[in-house]
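Taking it in order: structure first as structure tokens, then the write-up.
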Amino acid sequence: MTTTIPDVADAEADPPAPRTLEASKGRGDRVFDGVASLSGLTVLAIMGAVGLFLAVQAAQALRATGLSFLTTSEWQPDRGEFGIAAVLVGTVMIALVAVAIALPISMGSALFITDVAPTWLRSSLVSLVDLMAAVPSVVYGLWGLFLLQGQVIGLSRWLNTWFGWLPMLDVAGADPNSPLSNATVYTASTFIAGVVVAMMVMPIQCVVMREVFSQVPAGEREGAFALGSTRWGMIRVVALPFGRGGIIGGTMLGLGRALGETIAVLLIISPRFDINLNILEAGSNSVASLIALRYSESSGFGLSALFAAGLALFAVTLVVNFTASWFVARSRSGASSEA
């Protein structure tokens with residue numbers, strides 16, 4: 001019996017190159033890829049067309065004002081004195097109040113649905129939250145104007161009485177020590193508009209956070225419980241760190257919705273064209289409500305000025321939404337959902 005010893009030269013030879021595997025797409029896959037790509041490009045084209053249209057229509061007003069358009073508080077296009085400083089500040093203040101109120105409610109609702117509520121109740125809670133997003137904004141505006149405003153005045157007076165030393169919670173013309181002070185100084189305020197808008201953006205934030213929390217790996221949840229963690233401990237150590245990107249992204253998506261809200265804000269606020277940082281004080285404004293309020297009476301140069309305001313709001317909203325997408329995509333939950 002003879003034993004064959006392999007040649008040393010053959011052992012030192014380069015191994016064969018790995019074979020390249022190519023999966024041929026079927027007809028259905030090619031059609032789906034084409035339709036999906038076309039849909040994405042169509043959305044980008046529409047968004048670019050909207051921005052281009054606003055820029056062309058606003059060119060006349062922007063050429064006349066230049067950078068002062070962002071620093072002027074007055075709105076008198078016929079006299080050549082107009083800008084969005086006041087309404088832009090009002091827009092941001094209303095949106096920040098709305099997000100500050102909606103964030104804890106939406107995050108708590110999302111955590112309750114995914115980690116606390118029994119299975120038989122979850123579908124009903126999800127449907128209720130989704131139904132809130134389907135309610136028209138004018139309904140929220142009427143609700144805030146005729147029902148909520150009268151109920152919130154007491155809270156506004158309480159905040160002014162005990163926290164009026166904060167500049168943003170101070171109200172000019174109100175006596176915090178007098179329970180009989182005129183309540184009209186608290187109506188039609190940024191705070192009331194923010195509460196109404198918060199109810200509108202809460203479903204959007206809750207949906208995003210709920211989807212993120214539902215993607216928490218079951219092994220990590222069970223591992224936390226196996227180590228003796230309580231339910232709140234598991235949420236604090238596992239769910240919240242996993243969904244941090246979704247929390248930030250959902251919050252900013254809600255902020256983008258709040259920045260563009262029109263009818264509800266227009267029904268509640270009392271328009272004013274000066275920078276007002278006191279959220280409890282009567283009077284405020286926003287870019288969207290300014291456009292809705294002045295569109296019917298504007299023509300020519302005034303209409304171009306309104307298009308310029310719309311272009312500014314369009315740019316701010318795009319920045320906020322793209323930033324939210326960036327946070328979600330780079331979070332742990334976003335990466336796992338894309339894998």
TODO: Restricting things to alpha carbons, tell me how big segment 31-181 is in terms of Rg and Dmax, in Å.
DONE: 23.1, 71
- [ ] Enter the angle in degrees (range 0 to 90, nearest 10) between the Cα long axis of helix 190-213 and the first principal axis of the Cα atoms of the chain, meaning the one along which they spread out most.
- [x] 10
- [ ] Kindly express, to the nearest 10 degrees and within the range 0 to 90, the angle between helix 119-134's C-alpha long axis and the longest C-alpha principal axis of the chain.
- [x] 50
Task: Cα gyration tensor shape of the chain, rounded if a/c is under 1.5, else prolate or oblate by comparing a/b with b/c - done: oblate
Task: If the convex hull is drawn through the Cα atoms of segment 134-193, its volume per residue in Å³ - done: 88
Task: Cα-only radius of gyration and Dmax that characterise segment 74-157, units Å - done: 18.9, 63
Task: Gaussian network model of the chain, springs between alpha carbon atoms under 10 Å - residue of V152, V287, V116 with greatest fluctuation - done: V116
Task: On Cα atoms only, tilt of 85-111 relative to the major axis of the chain in degrees - done: 50
TODO: Using only the Cα atoms, work out Rg/Rh for segment 99-250, with Rh taken as the Kirkwood radius, to two decimals.
DONE: 1.10
Open item on the list: Give me L290, L159 sorted ascending by neighbouring Cβ count inside 10 Å, so fewest comes first.
Closed with: L159, L290
Task: Length-normalised contact order of the chain in % [C-alpha pairs under 8 Å, at least 6 apart] - done: 27
Open item on the list: Please rank I275, I94, I204, I268, fewest neighbouring Cβ atoms within 10 Å first, as an exposure proxy.
Closed with: I275, I204, I268, I94
Task: Proxy reagent accessibility, fewest Cβ within 10 Å first, across E81, E261 - done: E81, E261
- [ ] Work out the charge dipole of segment 224-339 with +1 on the Cβ of Lys and Arg and -1 on the Cβ of Asp and Glu about the Cα centre, then indicate which of S270, F225, N285 is farthest towards its positive end.
- [x] F225
Open item on the list: Suppose every Lys and Arg Cβ carries +1 and every Asp and Glu Cβ carries -1, with no other charges. What dipole size does the chain come out with about its Cα centre, to the nearest 20 debye?
Closed with: 620
Task: Mean residue ellipticity (222 nm) of the chain, computed from DSSP H runs ≥ 4 via -39,500 (n - 2.57), nearest 500 - done: -20500 deg cm²/dmol
TODO: Answer with one residue from V138, A100, G83: the one whose Cα lies farthest towards the positive end of the charge dipole of the chain, charges on Cβ with Lys, Arg +1 and Asp, Glu -1.
DONE: V138
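None of the figures in this text is laboratory data; all of them are computed from the coordinates on show. Please read these numbers as outputs of a predicted model, since none were measured by experiment. Every residue, glycine as well, gets a Cβ built from its backbone with ideal geometry; the counts of neighbours run over all protein chains shown.
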